[in-house]
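Engineer: A single structure is presented below for examination.
The values are calculated or read from the model by the stated rules, or taken from the named source; none is laboratory data. Everything quoted here is computed from the prediction, not taken from an experiment. Cβ placement follows ideal geometry from the backbone for every residue including glycine, while neighbour counts extend to all protein chains displayed. All accessible areas refer to the heavy atoms of the entire protein, side chains included, with ligands and DNA or RNA removed. Shrake-Rupley method; radii C 1.70, N 1.55, O 1.52, S 1.80 Å.
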Amino acid sequence: MTNYETVFILTPVLSDSQVEEAVNKFHDYLTSNGAEIVAKENWGLKKLAYAIQNKRNGFYHLIEFKTENADLVSNLELAFKRDERVLRYLTVKLDKHGIEWAEKRRTKLKTANK
């Protein structure tokens, strides 16, 4: 299975329930198409480096997943393009060093939250 990591930014005009609905939409899309979710993180509302669609803030979310279906990534990105709530997205394929780094980052977050 190949590991991927996708980060997407949602428009800041959404309510908390609308943000959760959007995140769950992409989460459900991945799981219904055979992907295994490794981790899901909500990074919260952050300031953008530059204005996108006249918006200076956005809700950042990260989803790490594993899949054998290479077409799933292109279909997921198509779903991002079609959703007007998504300002930007980036999906990367993780190599062995990226997987190790992601695991270290998750363990640091777990120990910091305790």
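Engineer: Testing Thr67 on (1) loosely packed, with under 13 Cβ neighbours inside 10 Å; (2) in contact with a helix residue (DSSP H, G or I) (Cβ under 9 Å, 6 or more places away or on another chain); (3) under 13 Å from Asn3 (Cα atoms), one condition comes back false. Which one is that?
Structural biologist: Tallying (1) loosely packed, with under 13 Cβ neighbours inside 10 Å; (2) in contact with a helix residue (DSSP H, G or I) (Cβ under 9 Å, 6 or more places away or on another chain); (3) under 13 Å from Asn3 (Cα atoms), Thr67 fails exactly one: (1).
Engineer: Only residues that are part of a helix (DSSP H, G or I) and among the hydroxyl-bearing types (Ser, Thr, Tyr): list them for the range 1-28, please. So that I can check it myself, show each step before the final result.
Structural biologist: Filtering the range 1-28 for residues part of a helix (DSSP H, G or I) gives 16-28.
Answer for the range 1-28, where residues must be part of a helix (DSSP H, G or I) and among the hydroxyl-bearing types (Ser, Thr, Tyr): just Ser17.
Engineer: Go through Asn42, Asn57, Asn69, Asn75 for me and flag whichever is of a type outside the set (Val, Ile, Thr) and touching a Leu at 6+ places or on another chain (Cβ under 6 Å). Outline the logic, then answer.
Structural biologist: On the way: Asn42 fails: touching a Leu at 6+ places or on another chain (Cβ under 6 Å); Asn69 fails: touching a Leu at 6+ places or on another chain (Cβ under 6 Å); Asn75 fails: touching a Leu at 6+ places or on another chain (Cβ under 6 Å).
Step by step, each of Asn42, Asn57, Asn69, Asn75 is checked, and only Asn57 is of a type outside the set (Val, Ile, Thr) and touching a Leu at 6+ places or on another chain (Cβ under 6 Å).
Engineer: Take the residues of the range 44-64 that are free of Cβ contacts under 8 Å to residues at least 24 places away in the same chain and under 25 Å from Glu103 (Cα atoms): which is surrounded by the most Cβ atoms within 10 Å (Cβ to Cβ)?
Structural biologist: Lys46
Engineer: Here's another thing I want to ask about it. Restricting the first residue to the range 11-29 and requiring it to be open to solvent by 30 Å² or more (accessible area, probe 1.4 Å), which pairs with a second residue that is of a type in the set (Asp, Glu) meet a Cβ separation below 9 Å and a spacing of at least six or different chains?
Structural biologist: Within 9 Å, the pairs are Lys25/Asp83.
Engineer: Within the range 29-114, considering only strands (runs of 3 or more DSSP E) that don't extend past its boundaries, which have at least 2 residues that are over 13 Å from the mean Cα position of the chain (by Cα)? Don't jump to the end; show me each part of the working.
Structural biologist: Working: elements: 36-52, 55-67, 86-93.
Because the criterion is at least 2 residues that are over 13 Å from the mean Cα position of the chain (by Cα), the strands (runs of 3 or more DSSP E) in the range 29-114 that meet it are 36-52, 55-67.
Engineer: Here's another thing I want to ask about it. So which pairs qualify, if the first residue must be in the range 87-103 and under 22 Å from Ala49 (Cβ atoms), the second must be open to solvent by 90 Å² or more (accessible area, probe 1.4 Å), the Cβ gap must be under 8 Å, and the two must be at least 6 apart or on different chains?
Structural biologist: Leu87/Gln53
Engineer: Right, Lys40: in contact with an Asp or Glu (Cβ under 9 Å, 6 or more places away or on another chain), touching a residue at least 12 places away in the same chain (Cβ under 8 Å) and closer than 23 Å to Leu78 by Cβ or not? Even if it seems obvious, please write down each step before you answer.
Structural biologist: On the way: in contact with an Asp or Glu (Cβ under 9 Å, 6 or more places away or on another chain): yes; touching a residue at least 12 places away in the same chain (Cβ under 8 Å): yes; closer than 23 Å to Leu78 by Cβ: yes.
The answer is yes for Lys40.
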